[in-house]
Amino acid sequence: MRAERRHLAAQRGFFLIEAMVAMLIFTLGILGLVAMGGTAVSAQSDAQYRTEASSLADAIAAEINLGIDRTSEATKAATLAGFVHQETPPPDTVPAPCSFTGTNEANPRVAALLDRARNAASAPGMPGAGVRNAQVFIDAAGNFNRVVITLCWKTASDSAWRRHTLVTYVN
């Protein structure tokens, strides 16, 4: 009987330790699920902005393709020049802050699409996008009327600019 009492005394409180370890494991699991939910929301937002940028770049390319005069090569090049927006630096160089300079584009339909990208009051766009964060570069002379459309955005939690670039050729 004494051996049995010693055995019971040695196990006293062991169930409490087991319960605390089980609660710790359960709590870590719940915290992991909460963290995973936050990551999922962030990834979904990024996918939404990338989809919006792709859609806007496609719409800008369509407006350029539909808005040029194809009477001759000279008129084609002249009308393509009207779609240029913030043409420097060239798209083959990568600007660090995604900041472009140059002339603002004159075509009103493309300007409306760029306003959508810039998060205008009329339609939600991409966060952090401004006048200097979009570029329509046209290389009409030696590159088969290559059009490079670049849209940039940056959320409050991003440390670097995000960018979508569409390259197309207008014949």
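The values are calculated or read from the model by the stated rules, or taken from the named source; none is laboratory data. Owing to the predicted nature of the structure, the values given are computational and were not obtained by experimental measurement. As a convention, Cβ positions derive from the backbone with ideal geometry for all residues, glycine included, and neighbour counts pool all protein chains shown.
Things to note:
- Some residue of region 67-75 being touching a residue at least 40 places away in the same chain (Cβ under 8 Å) and under 25 Å from the mean Cα position of the chain (by Cα): no
- Failed item in (1) in a helix (DSSP H, G or I); (2) exposed (fewer than 10 other Cβ atoms within 10 Å of the Cβ), with Arg12 passing the rest: (1)
- Within region 113-133, not a single residue is modelled with pLDDT of 85 or more, within 28 Å of Lys76 (Cβ to Cβ) and touching a His at 6+ places or on another chain (Cβ under 9 Å).
- Glu52 closer than 30 Å to Trp161 by Cβ, touching a helix residue (DSSP H, G or I) at 6+ places or on another chain (Cβ under 6 Å) and of a type in the set (Asp, Glu): no
- Scanning region 82-110 for residues that are among the hydrophobic types (A, V, I, L, M, F, W, C) and surrounded by 13 or more Cβ atoms within 10 Å (Cβ to Cβ) yields a total of 5.
- Meets criteria (at negative phi, surrounded by 13 or more Cβ atoms within 10 Å (Cβ to Cβ) and not β-branched (Val, Ile, Thr)) for Ala19: no
- Sole exception among (1) in a loop (DSSP other than H, G, I, E, B); (2) closer than 14 Å to Asn171 by Cβ for Phe83, by number: (2)
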